[in-house]
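The values are calculated or read from the model by the stated rules, or taken from the named source; none is laboratory data. Predicted, not measured: the structure shown is a model, and the values here were computed from it. Here Cβ is always computed from backbone atoms with ideal geometry, including for glycine, and neighbour counts include all displayed protein chains. With ligands, DNA and RNA removed, areas are computed over all heavy atoms of the protein, side chains included. Shrake-Rupley method; radii C 1.70, N 1.55, O 1.52, S 1.80 Å.
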Amino acid sequence: MPSLIIFGAIVVACLAAPLVAPHAMDAIDLAAVKQAPSRLHWMGTDDLGRDVLSRLLFGGRISIVIGLLAAVAGTTLGAVVGAVAAFYGRAVDNVLMRITDVAYAIPSLPLLIILSAYSRAAIVSMVLIIGGLSWMATARVVRAEVLTIREMPFVEAARVLGAGSGVTILRHVLPNAMGSLIVGATLGVGNAILIESSLSFLGLGVQPPTATWGNMLMDAQSTMAAKPWLTIFPGGAILLVILAVNFIGDGLRDALDPQKDPA
Amino acid sequence: MGRYLRRRLIQLVPLLFGISIVIFGVIQAAPGGPEGSLLAAGRFVDPSVIESYRHRLGVDQPVWRQYLNWLGASARGDLGQSFSTSRPVTAMIGERLPATLELMGAAFLFAALVALPFGLFSALRRYTLADMLGTGLSFLGVAMPVFWFGLLLQLIFSVRLGWLPVSGTGTIGASSVGDHLRHLILPGLVLSTRYIAGWSRYFRSSLIGVSRAGFVRTARAKGLTETRVVGVHTVRNALVPVISVMALNVADLFSGAVITETVFAWPGIGRLFVQGMFARDYPLLMGILLMGAVTVILFNLVADLLYGALDPRIRYE
């Protein structure tokens with residue numbers, strides 16, 4: 001519950017960045033460059049005199065939006081692949097699962113690096129790339145669940161009543177796998193934020209001057225010794241958000257999974 | 001076992017085939033061909049020069065022929081010639097491989113040496129303050145962005161305290177084994193963090209699960225000492241799933257190494273990959289991706305085989 005509040009507070013603060021940020025995101029103040037945290041600039045200023053807290057809030061919008069959308073995209077794709085594979089079985093199952101194996105076997109970070117370098121790093125393409133490479137675990141979990149669900153009497157009943165495959169999967173099968181989907185999606189948010197910031201850090205994410213947590217860290221790396229606040233705050237924000245999301249996901253797993261080992 | 005292994009190896013063939021198509025397709029989809037590096041400076045280049053350059057690299061042939069050429073050569077262990085250095089890709093990878101293996105090996109060893117005793121300790125003292133502290137730390141370890149953790153450690157131990165070198169593999173002019181190991185500490189620690197957190201938690205829950213098993217109660221009932229009950233009956237059984245997860249994670253370490261090597265200027269495959277990325281060196285990128293994928297498959301197989309070898313209840317046929 002505290003993690004939900006922390007995460008909610010960060011999300012609200014970032015989304016409301018234009019209202020709450022003490023300064024404009026790219027307001028350059030050459031009279032106040034490289035200042036340590038102070039009353040006027042709570043988290044200090046960077047090489048161009050931009051307020052770090054404001055950039056953090058505006059950058060958070062991008063990082064969080066990409067994280068949320070990529071997790072939704074990845075989970076949806078995984079759910080569809082897993083459900084279709086298990087529901088139809090046989091050849092469909094075989095083909096989809098072999099594709100999953102292939103996607104699993106290629107190291108994802110190097111592949112992400114290549115793809116994001118192609119895409120010139122717009123938000124939409126980042127969402128598609130990260131989502132498109134993080135569906136495999138969900139697909140396997142959903143497939144396993146659907147294999148048992150599809151043998152249930154209510155699925156048979158739906159079919160007898162004349163429901164087509166699409167309707168049966170969407171209305172009767174997937175809702176019963178919702179628990180693990182929600183948990184997977186929640187944990188996926190943290191993962192997607194981590195990936196986005198790693199790519200930005202390598203200079204392959206959303207490009208400056210638009211701030212993201214990752215590219216703020218990239219900028220800070222060379223001047224880390226003299227101005228540690230430029231490194232500490234963006235990274236701390238990433239850590240805090242991921243930590244909160246993971247705690248939420250863990251809590252949801254305990255709440256939604258009746259078979260969970262009490263240890 | 002022999003038959004199982006043979007079947008698994010045969011299954012690898014279509015998998016490798018699929019992987020090769022994806023890798024080739026991804027690189028083919030790159031905007032701008034390799035001649036982009038000729039044009040990069042914005043200067044004028046005679047079209048016939050570009051044409052002969054493309055011909056020399058073989059990229060003027062139809063796509064399917066390029067794919068077959070690449071596949072055939074790769075199968076024979078020839079990953080082609082780098083666009084940026086004109087040297088064989090295998091040689092370039094070979095030069096950087098020891099550094100990456102060293103980093104991954106150090107991280108793996110360190111993670112195992114910390115995570116396993118710590119997991120055992122938490123399981124024996126479960127729900128105590130120390131155990132809960134461990135749970136908190138492991139959440140922190142899993143959520144920690146690798147590159148930021150690296151920067152923080154550099155800031156604290158290298159810049160502020162001056163105990164350890166910031167980056168690289170050795171001090172120029174003063175290199176020795178000890179000096180080299182000092183350079184290895186920070187990147188090794190950074191790369192191992194996530195696994196320390198993951199393995200210790202996993203070992204803990206595995207131990208707790210096994211300690212509820214009937215054979216542990218039997219061992220206790222027949223009067224064995226607590227040391228034997230835990231050391232022989234519980235730990236050995238609880239290790240089985242942990243070891244197979246550790247084998248699976250070896251492949252993961254490779255992705256982590258890309259970031260760690262970049263932060264610490266460690267001259268391994270990961271850095272070579274990032275450099276190749278910015279130089280649009282497709283054969284090099286394909287070679288590294290292919291090598292990475294083969295490593296993943298190999299360790300998946302190792303994990304499965306280990307599982308069967310360690311747990312007599314699991315028999316493959």
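A few notes on this one:
- Between A:ARG159 and A:ALA91, the FRET efficiency estimated from the beta carbon spacing at R0 = 22 angstrom works out to 0.65.
- Note on B:TRP64/B:VAL245: beta-carbon distance plugged into 1/(1 + (r/R0)^6) with R0 of 45 Å gives a FRET efficiency of 0.65.
- Cβ-based net charge around B:ALA107, under 12 Å, with every Lys or Arg adding one and every Asp or Glu removing one: -2
- Label reach from B:ALA309 (point 7 Å along Cα→C-beta): in segment B:206-250, amide nitrogens under 13 Å belong to B:243-244, B:247.
- Of the residues B:ALA73, B:ALA123, B:ALA279, the one that moves most in a GNM of chain B with alpha-carbon contacts below 10 Å is B:ALA73.
- If R0 is taken as 22 Å, the Cβ-Cβ distance between B:THR128 and B:GLU226 corresponds to a FRET efficiency of 0.80.
- Surface burial for A against B, with a 1.4 Å probe and both sides summed, reaches about 3700 Å² of accessible area.
- For segment B:242-317, applying the loop criterion from DSSP together with a ceiling of 15 other beta carbons within 10 Å to the chymotrypsin sites (Phe, Trp or Tyr not before Pro) yields B:TYR316.
- To the nearest ten degrees, helix B:235-264 and the longest principal axis of the Cα atoms of chain B are 30 degrees apart.
- Area accessible to solvent at A:MET216, 1.4 Å probe radius, in Å²: 20 Å²
- Of the trypsin sites (Lys or Arg not before Pro) in segment B:215-317, the ones in a loop by DSSP (not H, G, I, E or B) with at most 14 other beta carbons within 10 Å are B:LYS222, B:ARG313, B:ARG315.
- Close amide H contacts of B:GLN81 (hydrogens built in the peptide plane, cut-off under 5 Å, sequence separation of 5 or more or a different chain): B:VAL89.
- Packing rank of B:159-166, B:85-92, A:77-84, where each peptide gets the mean count of other beta carbons within 10 Å, highest leading: A:77-84, B:85-92, B:159-166
- Relative contact order (%) - chain B, alpha-carbon pairs under 8 angstrom, separation at least six: 26 percent
- Partner shielding of A:237-246 amounts to 3, given as the average count of beta-carbon atoms from other chains within 10 Å of each residue beta-carbon.
- Within-13-Å neighbourhood charge of B:TRP70 [Cβ basis; K, R +1; D, E -1]: +1
- Accessible area of the protein assembly as shown belonging to carbon and sulfur atoms, whole % at 1.4 Å probe: 67 percent
- Highest average first, the peptides A:137-144, B:192-199, A:156-163 ordered by how many other beta carbon atoms sit within 10 Å of their residues are B:192-199, A:137-144, A:156-163.
- A:ILE248, B:ILE10, reordered so the largest accessible area comes first (probe 1.4 Å): B:ILE10, A:ILE248
- Relative to the longest principal axis of the Cα atoms of chain B, the long axis of helix B:177-211 makes an angle of roughly 50 degrees.
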